[in-house]
Amino acid sequence: MTESVLEVIGVTKKVRGRTLVDDVSFAVKKGEICGFLGPNGAGKTTLIRLLTGLIVPTSGELRIAGVNVQKERKTALGKIGAMVESPVFFPYLSGRKNLLNLARLHPELKGKRAREERVKDVLSLVGLAGRGDDKVGTYSLGMKQRLGIAQALLGRPEVVILDEPANGLDPLGMRELRELILSLRDQFGLTFFVSSHLLDELQQICSRLVVIREGKLLWQGETRELVLRAGADGRLEDAFVELVRG
Amino acid sequence: MKGLWMSEWLRLWSRKRTWGMFLMMPVLVYAAARYCLEQNGALSPGMPEYATVWNFPVLALAEHLMTVFNLLVVVLLAAAVTEEARSGQLRFLLLRAVTFAELFWAKWTVVLAAVGVFLGAFYLECWGIGWWLFERTETVGLFYREGAFAGGEAVRYGLAYYGLAGLTVVAMASVMLLLAVMAQTATAAVGMGIGWLLLSFGWPVAARMFGAQVQSLSITHIQHQGIAAMLADGRPMMRWNLGVMVCYVAVCLTVGYLWFVKRRGLDV
Amino acid sequence: MFELFVSEWERMWARKKTVVTLVLFAAVSVLAAMWLSRFGVGFVNAGTEVRLDAWNFPAFLLKETSFVLMLVAAPMLFVDALAGERVQGAYRMVLLRPHGRGALLLAKWVALAVWVAMLLAVVLAVGVIAGQTWLGDGGALTERAAAASAAGLASFGDVLAYYGVFYLIAVAAMGLCTLICLLVPSTVLAYAGLVGSYVGMLYVSEHLRFFLLGGEAVFQVLSGNGAGVFAMALGSVMVLSFGASWVMWKKRELC
Ligand SMILES: Nc1ncnc2c1ncn2[C@@H]1O[C@H](COP(=O)(O)OP(=O)(O)O)[C@@H](O)[C@H]1O
Ligand SMILES: [Mg+2]
């Protein structure tokens with residue numbers, strides 16, 4: 001039995017009387033790639049903001065590698081790398097400069113050399129080594145997404161949380177993204193928590209799925225359970241749509 | 001085009017900030033009235049600066065609040081043009097087959113209409129608060145005019161004053177529109193707008209030795225002294241000042257329009 | 001903490017506006033110095049004038065450029081750092097790093113305070129050079145004495161004191177701006193709110209005029225009139241605005 005590295009326990013978030021996340025609980029185990037599915041406006045970004053300590057839950061608890069995100073925010077954030085919504089970089093700076101700036105915020109990357117090394121590594125991990133010195137303003141959407149993943153990897157996280165990383169990617173970009181996630185998991189044993197509003201983007205690589213709608217947890221389990229549910233001839237997509245329709 | 005105009009207009013008034021600024025006006029008018037009452041103590045009735053019911057709307061605008069209208073156009077245009085363009089909101093409009101040209105004119109006229117509403121409301125509020133706080137004297141003095149004038153005459157003068165004041169705000173707004181179109185960020189738009197205002201304040205001081213015409217190249221100078229001069233006996237500055245304002249509007253709108261249509265098409 | 005500051009500082013200069021603002025501000029200072037030195041007299045307040053010479057020139061130059069500094073060059077950067085970055089979304093990347101919220105805000109404040117110091121250094125440098133170049137050193141002793149009593153300028157040390165007190169005012173404006181940026185949702189409103197609050201304070205009390213009329217207020221302080229009240233007023237604005245924004249920054253949902 002592997003330990004859970006990401007735990008959401010009875011979390012509710014209310015904003016001005018509206019319940020954006022409603023008593024959601026689930027857990028993700030180490031080394032898993034967990035898909036976080038839900039239609040637009042389901043509350044995926046809200047839950048990811050909770051997980052990354054950007055906002056505070058009304059009730060409930062969130063833990064990363066056993067560390068409470070609210071009580072020990074700094075320690076928890078040290079274990080997470082995240083991209084929340086589409087990443088915003090400084091367009092007049094190169095991708096490398098953007099990352100070097102953020103690398104300063106990682107205490108474990110001490111000194112210029114260490115930061116430069118790390119930035120070089122993450123850039124080549126996401127396949128941007130050749131374009132690192134170009135200004136971000138000249139990047140395509142897919143390259144910006146990859147740079148967003150690169151910045152999430154800067155601090156050698158245990159858990160990587162990505163909010164709709166497939167947004168705006170073409171089929172080829174999507175495949176590259178899937179391959180990138182898989183290889184990172186295999187190489188470094190990273191745990192991934194990846195949101196999307198489309199099932200087929202993720203289903204191939206996710207071993208586990210968490211589905212929410214209108215802030216409520218709809219379904220969670222192994223991807224193959226969903227496959228079973230869909231039946232021998234039924235399509236996975238249909239099972240998912242059925243789930244979401246309720 | 002009409003639909004676009006209405007949607008821009010309604011959007012402007014659906015914002016809390018617009019209403020916030022609108023509801024601030026009576027407070028400002030009241031503050032100006034208290035100030036004028038205090039000043040009256042040191043003045044004798046019959047002087048043009050002596051505030052009465054008849055001339056308070058002019059005094060309130062001239063002495064204090066012209067700058068408020070200048071700042072109002074800075075804020076409205078920075079929000080409607082720069083902020084929206086930079087946050088990508090314009091893209092949604094452009095998806096609905098609206099051209100940049102239509103958008104430009106819609107935004108410009110919507111802001112002008114809003115300033116008109118603000119100025120009209122301000123005028124009425126001045127009457128309301130003035131009626132309550134000031135005397136209804138028999139006669140009143142007017143700037144740069146010989147003699148004493150009856151209330152009705154002063155009201156006619158006030159309306160002309162407000163008309164010209166409206167024109168100066170239009171001229172100012174055209175500059176601000178140009179700045180808002182050129183600015184990369186909303187903060188830059190506001191900063192450039194305020195910088196322009198400071199330049200306009202400084203110009204008449206720096207150009208004192210060149211005389212009233214050169215000084216009047218500054219719109220704020222026209223606002224502070226030019227309008228009264230335009231309405232003085234013989235209308236000495238009328239042509240020149242109107243010419244300056246028309247030039248500002250023509251140049252700024254042309255450049256702003258071309259910039260908006262040519263450049264924005266690329267980076268939205 | 002140092003790396004936090006450097007990161008903040010780098011991001012500040014990653015915006016084109018920062019360089020442009022610095023260059024334009026230097027240009028404005030030079031133009032103002034040209035104009036002021038030709039004019040030859042400086043106004044301590046509306047009624048009192050002092051003959052300018054090489055040693056008192058930097059103080060009067062700051063008084064002339066103070067409007068541009070307090071209304072444009074400083075607030076534009078304040079609002080961008082304190083609200084713009086958050087509104088635009090770039091700051092999320094920073095908030096996701098393992099640091100306390102307080103430390104992040106402190107880094108911003110330090111970076112902005114250094115920016116204001118840079119602006120003042122530009123004016124001081126232009127003032128000293130322009131004063132030496134365009135104005136004589138030789139005000140008659142009686143005139144010096146008059147300047148000393150009217151403006152509180154008896155030595156170059158007093159000129160530096162003038163800059164120092166003005167610096168405190170600009171830093172207080174930064175505190176005020178932080179608070180406003182946390183209270184209103186857009187950069188345009190935050191900027192307008194800051195300018196509005198400068199003006200509003202003028203109406204609240206004559207002792208709070210220093211945000212808009214700092215040049216004049218500092219002369220008054222240096223000449224020994226109402227320094228206590230000034231310190232009280234400035235101190236309370238600072239304590240309230242910095243304190244309230246500190247608490248709100250830590251509690252509020254920043255993005
Ligand atoms: N700060 C907020 N205040 C009020 N409502 C919000 C706030 N943030 C998000 N929402 C609302 O919460 C819902 C969920 O949003 P979000 O988490 O962004 O959805 P998703 O990422 O799944 O598309 C949406 O209806 C959105 O309008
Ligand atoms: Mg989302």
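The values are calculated or read from the model by the stated rules, or taken from the named source; none is laboratory data. Please read these numbers as outputs of a predicted model, since none were measured by experiment. Virtual Cβ from ideal backbone geometry, glycine too; neighbours counted across all protein chains shown. When the accessible area is computed, the model is the full protein with side chains, heavy atoms only, and any ligands, DNA or RNA have been set aside. Shrake-Rupley method; radii C 1.70, N 1.55, O 1.52, S 1.80 Å.
The residues of region C:62-118 present an accessible area of 19 Å² per residue when probed at 1.4 Å with all protein chains retained. A convex hull fitted around the alpha carbon atoms of the protein assembly as shown yields 189 Å³ per residue.
Please compute, over every Cα-Cα pair in region A:137-246, the percentage with a separation greater than 21 angstrom.
Here the tail beyond 21 Å accounts for 42 percent of pairs.
In loop segments of region A:131-217 as defined by DSSP, the GluC sites (Glu not before Pro) with at most 16 further C-beta atoms inside 10 Å of their C-beta are A:GLU214.
Interface of A with C. Using a 1.4 Å probe and counting protein heavy atoms only, the two chains hide about 2700 Å² of accessible surface, both sides summed. With 0.36 nm allotted per residue and the present C-alpha distance subtracted, the C:VAL239-C:SER149 stretch has 29.3 nm of extension available.
Between B:GLU153 and B:LEU124, what is the FRET efficiency for a Förster distance of 30 Å, r being their Cβ-Cβ separation, to the nearest 0.05? Using R0 = 30 Å, I get an efficiency of 0.90. Neighbours of A:ASP22 by Cβ distance under 13 Å: Lys/Arg scored +1, Asp/Glu scored -1, total +3. The contact between chain B and chain C removes approximately 1400 Å² from the accessible area (both sides summed; 1.4 Å probe; ligands, DNA and RNA excluded). What region B:2-267 shows is 44 Å² of accessible area per residue, with the surface traced by a 1.4 Å probe over protein heavy atoms. Based on alpha-carbon atoms, the Kirkwood radius and the radius of gyration of chain B give Rg/Rh equal to 1.01. The alpha-carbon atoms of region A:160-211 define a convex hull whose volume equals 73 cubic angstrom per residue.
Take each residue of peptide C:83-96, count the partner chain Cβ atoms within 10 Å of its Cβ, and average: the result is 6.
Per residue of the protein assembly as shown, what 222 nm ellipticity follows from adding -39500 (n - 2.57) for every DSSP H run with n ≥ 4, rounded to the nearest 500?
-19500 deg cm²/dmol
Relative contact order of chain B, please, whole-number percent, based on alpha carbon pairs below 8 angstrom and at least 6 residues apart.
Dividing the mean separation by the residue count of chain B yields 25 percent.
Modelled label positions at A:LYS135 and C:ALA125, each set 7 Å beyond Cα in the direction of Cβ, lie 2.6 nm from each other.
Computed in the context of the full set of protein chains, the accessible area of the protein assembly as shown at 1.4 Å probe radius has 62% of its extent on carbon or sulfur.
If both residues of a DSSP beta bridge must be in chain A, then about 55% of such bridges are antiparallel. Once both labels are positioned 7 Å from their Cα atoms along Cα-to-Cβ, the gap between B:MET238 and B:ARG208 label points is 3.0 nm.
Remind me, relative contact order of chain C in percent, using alpha carbon pairs under 8 angstrom and six or more residues apart? Over chain C, the number comes to 27 percent.
Using the per-residue mean of other Cβ atoms lying within 10 Å as a proxy for protection, in what order, highest first, do the peptides C:31-40, B:127-136, A:90-99, C:70-79 fall?
Details: C:31-40: 16.9, B:127-136: 15.4, A:90-99: 20.8, C:70-79: 26.1.
Most protected by this proxy first, the peptides run C:70-79, A:90-99, C:31-40, B:127-136.
As a size descriptor, the averaged projected area of the C-alpha convex hull of region C:2-251 was calculated at 13.4 nm². Among A:215-227, A:74-86, the peptide with the highest mean count of other Cβ atoms within 10 Å heads the list, and the full ranking is A:74-86, A:215-227. For peptide C:65-72, the mean count of partner chain Cβ atoms within 10 Å of a residue's Cβ comes to 3.
Seen against the Cα atoms of chain C and their longest principal axis, helix C:227-251 is set at about 20 degrees. Spin-label model, A:GLU108 to C:ALA27: label points 7 Å out along the Cα-to-beta-carbon direction sit 4.8 nm apart. The lysines within cross-link reach of A:LYS110, meaning a Cα-to-Cα straight distance under 25 Å and a gap of 8 or more places when in the same chain, are A:LYS74, A:LYS79, A:LYS97, A:LYS120, C:LYS108.
Would you tell me the mean number of C-beta atoms belonging to other protein chains that fall within 10 Å of each C-beta in C:182-188, as a whole number?
For peptide C:182-188, the averaged partner shielding equals 6.
In terms of Cα atoms, the Rg and Dmax of chain A work out to 17.9, 57 Å. What fraction of the DSSP beta bridges in the protein assembly as shown is antiparallel, stated in percent and rounded to the nearest 5? Rounded to the nearest five, the antiparallel share is 60 percent. The 3J(HN,Hα) values that the Karplus relation (6.51, -1.76, 1.60; θ = phi - 60°) gives for region A:25-41 are, in residue order, 9, 6, 9, 10, 8, 4, x, 7, 10, 10, x, 10, 10, x, x, 4, x Hz. Gly and Pro appear as x.
Kirkwood analysis of region C:125-255, using all unique Cα-Cα pairs, places the hydrodynamic radius at 16.7 Å.
Put simply, when B:243-254, A:135-146, C:115-126 are sorted by average Cβ atoms within 10 angstrom per residue, most first, you get C:115-126, A:135-146, B:243-254.
Summing charges over neighbours of B:MET21, with a neighbour being any other residue whose Cβ is under 14 Å away from its Cβ, gives +2 when K and R count +1 and D and E count -1.
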